[in-house]
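S.K.: Please find one structure pasted underneath; my questions will follow.
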Amino acid sequence: MKQARAHWRGAVLVCAKCSKKVDGGFGPKGRDRLAKALRREPGFGKGRKADIGVVEVKCLGLCPKNAVTVVDTRRPHEWLVVPAASDVADLATRFS
């Protein structure tokens, strides 16, 4: 088995099914999915060189209305329900 190095201090799991139901709702114009908007924040990203990885997962099983379920892998016991049109910068500071 081979190993690949990553600079991640943690990962944020974002429910893709919730994001699809909200139909965007985040970012400067409110058109972006939460995962995409989070990846734009400093220190966040999709690649191995990001400080905190943002991973969109299929479904987390918690289906809130007009919100997206998010899990910080460093605190797996605290699941967040992020309402549409929430400030992504505020959310990013919670994970930093």
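The values are calculated or read from the model by the stated rules, or taken from the named source; none is laboratory data. Note that the structure is a prediction, hence the values are computed from the model and not measured. Glycine also receives a Cβ, built like all others from the backbone with ideal geometry; neighbour counts cover every protein chain displayed. In case anyone asks, the SASA skips ligands and DNA or RNA and just uses the protein heavy atoms, side chains included. Shrake-Rupley method; radii C 1.70, N 1.55, O 1.52, S 1.80 Å.
S.K.: Carbon and sulfur atoms: what percent of the 1.4 Å accessible area of region 1-67 do they account for? Each step should come with its number before you reach the end.
M.R.: On the way: 2360 of 4680 Å².
That share works out to 51 percent.
S.K.: Counting only the heavy atoms of the protein chains, how much of Leu91 is accessible to a 1.4 Å probe, in Å² to the nearest 10?
M.R.: Spelled out: Leu91, probe radius 1.4 Å, area about 20 Å².
S.K.: Across region 1-53, how many lysine pairs, 8 or more apart or on two chains, come within less than 16 Å at their alpha-carbon atoms?
M.R.: Taking region 1-53 as the scope, the lysine pair count is 4.
S.K.: Continuing with this model, one more query. So with the 1.4 Å probe, I'd like the accessible area per residue for the chain, rounded to whole Å².
M.R.: Numbers: 6240 Å² over 96 residues.
On a per-residue basis, 65 Å².
S.K.: What is the sum of charges, Lys and Arg at +1 and Asp and Glu at -1, for the other residues whose Cβ falls under 15 Å from the Cβ of Val70?
M.R.: Numbers: positive: Lys17, Lys20, Lys21, Arg33, Lys36, Arg39, Lys58, Arg74, Arg75, Arg94; negative: Asp32, Glu41, Glu56, Asp72, Glu78, Asp87, Asp90.
Charge balance near Val70 sits at +3.
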